[in-house]
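Structure, as structure tokens:
Values quoted throughout were computed directly from the atomic coordinates according to the rules given, and no laboratory measurement underlies them. These numbers come from a predicted model, not from an experiment. Quick reminder, even Gly has a Cβ in these numbers, built from the backbone with ideal geometry, and neighbours come from all protein chains shown.
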Amino acid sequence: MEIVSSLVDLLIILVAAKVGAELMAWIRQPPVIGELIMGMIVGASVLGWIDITEGGLISILAELGVIVLLFQVGLEIQMGDMLRLGPVAMFVAGIGVVTPFALGYIAAQALGLGGGSTEVALFMGAAMTATSVGITARVFSDLGKMESDEARVVIGAAVIDDVIGLVILAVVVGLLGGSGEFETTELWSLGLRVILFLAVAIGVGALLMPYLLRLLDALKVPGSYIIGTLVIAVSVGIAAESLAGLEPIVGAFVAGLIVAQADHIHRIQTEIAPIGYFLVPIFFLAVGAQVDVTVMFQPSVLGAGLLITALAVIGKIAAGLGTLGRPIRRTVVGVGMIPRGEVGLIFAALGATQLSSVVGDEEIAIVVLMVVLTTLVAPIVLGRLLRAAPAPTSSQFPPPTGGDAGSAGD
């Protein structure tokens, strides 16, 4: 009967995710928000229709979903485009990481979250560094502004933010996930392992990838690219955990970066997409199901969540200052960096699972509230700013070739 119960949970999740996504699509909001909200509704704290237990079917599918999601995000990133965008995008990304992290860290300690612990402050600061590339890119695309300098700077900076944010996430989880205590002496060692793993994985992957893809080309059985690329993603994920002590999702992201440089990238993206359509919504709904809604609406948590959200907005708007001296609308760039979307939810999910000894229900609820509000409000404001903006007359930057860097989460 256990398998029947798990299948019933899966059925509820798939239907709820689809309903939530469609409702958001009707009101022109990111589908991921609908999936998250439906997870809250069918989860234990409201209707109690599904039961997500560690090691159960839904938990495993959700883990696979976030691996596929990060692999897809990596697939959309062309490292050459990141380099060509130059110092402006790098400067914007740097401000967009440092400022929210500092504000989140200070606010968490000032509010006494987790008893004012350094560990919770680190987690909150890390969670605020996220930027959803896909949601912002969708707004630019819908309004025909993808060729503008603002779009190229925002997308380039958001991609860099994702890379830096995932490294920060890996460091925070590595520092806190084992003992639950912040160990300063471990920081440099872990940071070095992260850098070495990224460098070695990308370097070795770049050498081996052409041969692996030729092997996949030679296979005659349908679906070879799907299985082959998933094997690569899972293998690099396993290597990340076993060799560097990182989360498997960091390895999956690196695998996506490697595969993205291949000649057959569009075929790989097309063939992997159906798996993402199935697994990724399960992850987002599972995240929502683990949020205690009764905690979220406690006055103290709600107040802290609104303050953290305001600081999260300020921190990303400040990133627009990175365009000083350039004929680029700083407000558009800053607002474009605000949505946390799917990347922010990954932070929340890992906080709930890997850092459960440090991060409690209140902190998870605050992060989820921040993700929801920034993801809902930013596209509306950005759309109004872009409609009021004059058509671009020239471009300082080459057009991106890597596509919509976060569309997997939409």
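Of note:
- A crude spin-label estimate for the pair Val231 and Thr270, with each label 7 Å from Cα along the Cβ direction, gives 2.2 nm.
- The stretch 89-166 versus the stretch 222-246: alpha-carbon centroid distance in Å: 27 Å
- Restricting the stretch 17-67 to GluC sites (Glu not before Pro) that sit in a DSSP loop and have at most 14 other Cβ atoms within 10 Å of their own Cβ leaves Glu54.
- Euclidean distance of C-alpha centroids, the stretch 1-78 and the stretch 336-363, integer Å: 16 Å
- Shown here for the stretch 187-243: trypsin sites (Lys or Arg not before Pro) in loop regions (DSSP other than H, G, I, E, B) with at most 15 other Cβ atoms within 10 Å, namely Lys220.
- If the segment from Thr331 to Lys220 were pulled out straight at 0.36 nm per residue, it would be longer than the present Cα-Cα gap by 34.8 nm.
- R0 of 25 Å, Cβ-Cβ distance Ile314-Arg387: FRET efficiency to nearest 0.05: 0.60
- Working from label points 7 Å from Cα in the Cα-to-Cβ sense, the Leu321 to Leu192 distance is 3.4 nm.
- For the stretch 2-398: rounded, prolate or oblate by the Cα gyration tensor [a/c cutoff 1.5]: rounded
- FRET efficiency estimate (nearest 0.05) - Cβ-Cβ, Ile27 to Phe297, R0 35 angstrom: 0.95
- Rel. contact order, % - alpha carbon contacts under 8 angstrom, at least six apart, the chain: 32 percent
- With the simple spin-label model, which puts each label point 7 Å out from Cα in the Cβ direction, the Lys18 to Ile3 separation comes to 2.3 nm.
- What the Cβ-Cβ distance of Val204 and Ser59 gives, at R0 = 22 Å and to the nearest 0.05, is a FRET efficiency of 0.10.
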